[in-house]
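J.: Before I ask anything, let me first share the structure, which is written out below as structure tokens.
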Amino acid sequence: MSKKALITGITGQDGSYLAELLLEKGYEVHGIIRRASNFNTHRIDHLYKDRHNKDVRMFLHYGDMTDSSNLNRLLEKVEPDEIYNLAAQSHVKVSFEVPEYTAEVDAIGTLRFLDAIKDTGLKTKFYQASTSELYGLVQEVPQNEKTPFYPRSPYGVAKLYAYWITVNYREAYNIFACNGILFNHESPRRGETFVTRKITMAAARIKAGLQDKLYLGNLDARRDWGYAPEYVEGMWRMLQHNTPEDFVLATGKTHTVREFATLAFKELGIELEWKGEGVNEKGIDKSNGKVIVEVDPDYFRPTEVDLLVGDASKAKTILNWEPKVGLDDLVKIMVNADWEKVQKKYLNKG
Ligand code: NDP
Ligand code: GDR
């Protein structure tokens, strides 16, 4: 009998890579998708087969993290061996605009699932998508599983609740529940409003003459950026370990948004020079003096997380997990994927 996994957030960046990984490992994969007026399954379309086919191993169910009865029903129907709770309103800046909804989905949604597991008595393992945003205001670097939390956004605070309710249900009800405290991880499937993908898309479009400028917010923010497919492997390993524990996954290196942008444009042959300070800082194309990057204060957050750099030594020792893709390779992967996309779509090449 193959193992069964249930993934919330299967249509997102991580959900799609995780579904691929689990299908490769022989799992039967069930995913929860939201009803939308447009198709929202483009990241998993290549994995989908009509259920009337013979060897179908991926099944999609409508649902929502705000609907307890739906989650209960799905749990009873699927009886998964493993649950990966990846669904979230995952945009930090947007969480300041929709704080209550973010708490409903990211915090209470997690409780709904854990409580459903408790009520059904299923012996399922539970992975919670926790985040380096929990660390927020810098207490110490690098950040590890013992670093105190100080979230700086409604998103971070909602995820703090989810972190602790996962720990609490593990301790109170003996549920095999783990928090993966994941630092930023990116890929060509990253949502286009997160800063890395926004930059790589813009670099490709500017190179192709489809866009003049890129507007960014805080260029000084430092992030520990890894490659998403490596991180979903880490999630799976957490649930294969013999005891439920919490783990940091990170590269241990940190870079500014400015550095990421410089590398991304360079990959397409555009050398940027930075002039000015704060909201007046500009990224200028050295070859022709054109201003390509400008700061727009609208993208600043009311409270910012200035510096993230993770220490993943626990995951290395216990799970034998170690990331291989560093910033240079990550930028290359993302820029080249977007450049190819732009060429195909707009320049009729390839
Ligand atoms: P994405 O934003 O790409 O995907 C989020 C997923 O959640 C989508 O499938 C989305 O569905 C789904 N979703 C949102 N709201 C609901 C809801 N109310 N009910 C059901 N599903 C919902 O996120 P990532 O893949 O990047 O991240 C996965 C998880 O990991 C998230 O919980 C995120 O907060 C967390 N995380 C991410 C990190 C990263 O660097 N990527 C780092 C640390 C943690 P739809 O497609 O319909 O919008
Ligand atoms: P983050 O990712 O907030 O770390 O959350 P994001 O890419 O949105 O921001 C990273 C940093 O870049 C700065 N920034 C900008 N950000 C965006 N989105 N757009 C801009 O134009 C811009 N300019 C500068 C931000 O201020 C910030 O400092 C991601 C999400 O995936 C979360 O769900 C996850 O929990 C964390 O990573 C770890």
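J.: Answer yes or no as to whether Ala129 is surrounded by 22 or more Cβ atoms within 10 Å (Cβ to Cβ), of a type in the set (A, V, I, L, M), on the phi < 0 side of the Ramachandran plot and modelled with pLDDT of 95 or more.
T.: Details: surrounded by 22 or more Cβ atoms within 10 Å (Cβ to Cβ): yes; of a type in the set (A, V, I, L, M): yes; on the phi < 0 side of the Ramachandran plot: yes; modelled with pLDDT of 95 or more: yes.
Against the criterion (surrounded by 22 or more Cβ atoms within 10 Å (Cβ to Cβ), of a type in the set (A, V, I, L, M), on the phi < 0 side of the Ramachandran plot and modelled with pLDDT of 95 or more), Ala129 qualifies.
J.: Take the residues in the range 81-98 that are over 12 Å from the mean Cα position of the chain (by Cα), of a type in the set (A, V, I, L, M) and not in a loop (DSSP other than H, G, I, E, B); name whichever of them is nearest to ligand 1 (Cβ to nearest atom).
T.: Among those that are over 12 Å from the mean Cα position of the chain (by Cα), of a type in the set (A, V, I, L, M) and not in a loop (DSSP other than H, G, I, E, B), it is Val94.
J.: A further question follows. If you check Glu104, Glu133, Glu145, which single one turns out to be in contact with an Asp or Glu (Cβ under 6 Å, 6 or more places away or on another chain), touching a residue at least 24 places away in the same chain (Cβ under 8 Å) and not basic (Lys, Arg)? Write out each step before concluding.
T.: On the way: Glu104 fails: in contact with an Asp or Glu (Cβ under 6 Å, 6 or more places away or on another chain); Glu133 fails: in contact with an Asp or Glu (Cβ under 6 Å, 6 or more places away or on another chain).
Result of the check over Glu104, Glu133, Glu145: Glu145.
J.: Does the range 50-71 contain at least one residue that is surrounded by 13 or more Cβ atoms within 10 Å (Cβ to Cβ), under 19 Å from Ala87 (Cβ atoms) and more than 23 Å from the chain's Cα centre (by Cα)?
T.: yes
J.: Here's something else I'd like to know. Name every residue in the range 1-21 that is in a helix (DSSP H, G or I), of a type in the set (Gly, Ala, Ser) and away from ligand 2 (no atom under 14 Å from the Cβ), in order of residue number.
T.: Filtering the range 1-21 down to residues in a helix (DSSP H, G or I) leaves 13-21.
In the following step, the residues that additionally are of a type in the set (Gly, Ala, Ser) were identified as 15-16, 19.
Those that are in a helix (DSSP H, G or I), of a type in the set (Gly, Ala, Ser) and away from ligand 2 (no atom under 14 Å from the Cβ): Ser16, Ala19.
J.: Same structure, new question: Determine whether Thr196 is within 16 Å of Asp329 (Cα to Cα), polar (S, T, N, Q), touching a helix residue (DSSP H, G or I) at 6+ places or on another chain (Cβ under 7 Å) and within 12 Å of ligand 2 (Cβ to nearest atom).
T.: Details: within 16 Å of Asp329 (Cα to Cα): yes; polar (S, T, N, Q): yes; touching a helix residue (DSSP H, G or I) at 6+ places or on another chain (Cβ under 7 Å): yes; within 12 Å of ligand 2 (Cβ to nearest atom): yes.
Spelling it out, Thr196 is indeed within 16 Å of Asp329 (Cα to Cα), polar (S, T, N, Q), touching a helix residue (DSSP H, G or I) at 6+ places or on another chain (Cβ under 7 Å) and within 12 Å of ligand 2 (Cβ to nearest atom).
J.: Test Ile199 against the criterion of being closer than 27 Å to Lys125 by Cβ and at pLDDT 95 or above, and give yes or no.
T.: no
J.: Restrict the check to the range 45-61 and report whether at least one residue is near ligand 1 (Cβ under 9 Å from one of its atoms) and at negative phi. Walk me through it before giving the result.
T.: Here is the first cut: in the range 45-61, the residues near ligand 1 (Cβ under 9 Å from one of its atoms) are none.
Checking the range 45-61: not a single residue is near ligand 1 (Cβ under 9 Å from one of its atoms) and at negative phi.
J.: Still on this model: Can you run down the residue pairs with Cβ atoms below 7 Å, 6 or more apart or on separate chains, where the first is in the range 36-57 and touching a residue at least 12 places away in the same chain (Cβ under 8 Å) and the partner is among the basic types (Lys, Arg) and surrounded by 10 or more Cβ atoms within 10 Å (Cβ to Cβ)?
T.: Asn40/Arg34; Arg43/Arg189
J.: What tally of residues in the range 178-208 results from selecting those that are away from ligand 1 (no atom under 15 Å from the Cβ) and either assigned by TED's automatic domain parsing to the domain that holds Ser16 or among the small types (Gly, Ala, Ser) (or both)?
T.: Within the range 178-208, residues that are away from ligand 1 (no atom under 15 Å from the Cβ) and either assigned by TED's automatic domain parsing to the domain that holds Ser16 or among the small types (Gly, Ala, Ser) (or both) number 4.
J.: Counting only residues that are of a type in the set (Gly, Ala, Ser) and in contact with a Phe, Trp or Tyr (Cβ under 7 Å, 6 or more places away or on another chain), which one in the range 1-29 is surrounded by the fewest Cβ atoms within 10 Å (Cβ to Cβ)?
T.: Applying the first criterion (of a type in the set (Gly, Ala, Ser)) to the range 1-29 yields 2, 5, 9, 12, 15-16, 19, 26.
Remaining after also requiring in contact with a Phe, Trp or Tyr (Cβ under 7 Å, 6 or more places away or on another chain): 2, 5.
Working: Ser2: 13, Ala5: 29.
Ranking the candidates gives Ser2 first.
The values are calculated or read from the model by the stated rules, or taken from the named source; none is laboratory data. Because the structure is predicted, anything quoted here is derived from the model rather than measured. Neighbour counts run over all protein chains shown; Cβ positions are idealised from the backbone, glycine included.
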